[in-house]
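What follows draws every value from the coordinates through simple rules; no lab data is involved. Everything quoted here is computed from the prediction, not taken from an experiment.
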């Protein structure tokens, strides 16, 4: 008489579902709204107070370099998989 296999089956790994796509879209929209608020706020501030234009420009330049570096790192790490 054959002995039944007693090892449990490995759990199925769930793939990306519609909820993860919705969450990703919501995060992109929220990020876009926050970025637009910051850009328009900086533009208004430099329009009303021209003396802060240089510090804001330097801050935005540094932030741009940081975002580009993070994007490069994420893209490189994603391609290695």
For this session: Figure the gain on full extension for residue 25 and residue 38 (residue separation times 0.36 nm, minus the Cα-Cα span) and round it to one decimal in nm.
Result: 2.7 nm
For this session: Take the alpha carbon atoms of region 20-43, find their center, do the same for region 59-81, and report the distance between the two centers in whole angstrom.
Result: 17 Å
